[in-house]
1. Can you check how the C-alpha radius of gyration of the stretch B:4-108 compares to 2.2 N^0.38 Å, as a plain ratio?
2. Residue B:79: net charge of surrounding residues, Cβ under 12 Å, Lys/Arg +1, Asp/Glu -1, itself excluded?
3. Just need the relative contact order of chain A here, percent rounded to a whole number, with Cα pairs under 8 Å and 6+ apart.
4. Round to a whole angstrom and tell me the spacing of the C-alpha centers of the stretch B:10-48 and the stretch B:62-109.
5. Suppose we compare each residue of the stretch A:10-48 in its chain alone and in the full protein complex with a 1.4 Å probe; which ones drop by at least 50 Å² of accessible area?
6. Within a Cβ distance under 10 Å of residue B:106, other residues only, what is the Lys/Arg minus Asp/Glu net charge?
7. How big is the Kirkwood radius of the stretch A:4-113, worked out from every pair of different alpha carbons and given in Å to one decimal?
8. Just A:85, A:53, A:18 to compare: in a GNM of chain A, with alpha carbon springs under 10 Å, which one fluctuates most?
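The values are calculated or read from the model by the stated rules, or taken from the named source; none is laboratory data. What you see is a predicted model, and the numbers here were worked out from it, not measured in a lab. Cβ: placed from backbone, ideal geometry, glycine included. Neighbour counts: every protein chain shown. Protein only, heavy atoms only, side chains kept; ligands, DNA and RNA dropped before computing areas. Shrake-Rupley method; radii C 1.70, N 1.55, O 1.52, S 1.80 Å.
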Amino acid sequence: EPEVTQTPSHQVTQMGQEVILRCVPISNHLYFYWYRQILGQKVEFLVSFYNNEISEKSEIFDDQFSVERPDGSNFTLKIRSTKLEDSAMYFCATPQDLASYGYTFGSGTRLTVV
Amino acid sequence: GIQVEQSPPDLILQEGANSTLRCNFSDSVNNLQWFHQNPWGQLINLFYIPSGTKQNGRLSATTVATERYSLLYISSSQTTDSGVYFCAVESTNDYKLSFGAGTTVTVRA
């Protein structure tokens, strides 16, 4: 199964700071997703990104969040003015091979806001 | 959006026991996946199974799409099977996965 790489694996930031989470899929895919999992809760959809544009976003994905594809292969999730409740595991995902594997998830970034 | 319900919420097993986890969903689906979340938080893709039956070692899964449910079977459980098992579905009129709340499995030696 293809792999999706996320960096950093763990980030600690102070409340009010900005963080950038990065993701690199193995293949150059047009569709890209970010999900969030608050500790002990289920995985929630944040945003989908298709062909360099947001195609869908959840109500969680407000003006505090933004997504970019800065260089054609990397995808980033930026969180501005972080709050304590932004502490969560953030996953990126791509439909690398929908007919065989479905969606492939990255290893996640654990964000801790202090 | 589509609703995904998993049962039971928690499961405690003795090593070597067999178990069945269930996932019910509220609409027709293009995709159904079972994931295992390991102690490091990683989501490990176990099965892509929008319909039919698949087996991978001690794990197997069955999805009955017409009745809107899927089952994950764990046989001869081992302590390494511990963790949270998530069912996630993509409905026919959507392009994203919706997750259930998960089943937390604890296998005791």
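1. Here the Cα radius of gyration is 1.01 times the empirical estimate.
2. Summing Lys and Arg as +1 and Asp and Glu as -1 gives -1.
3. 38 percent
4. The distance from the Cα centre of the stretch B:10-48 to that of the stretch B:62-109 comes to 2 Å.
5. When all protein chains are present, A:42, A:43 each give up 50 Å² or more of accessible surface.
6. Summing Lys and Arg as +1 and Asp and Glu as -1 gives -1.
7. That comes to 14.0 Å for the stretch A:4-113.
8. Residue with maximal mean-square fluctuation among A:85, A:53, A:18: A:85.
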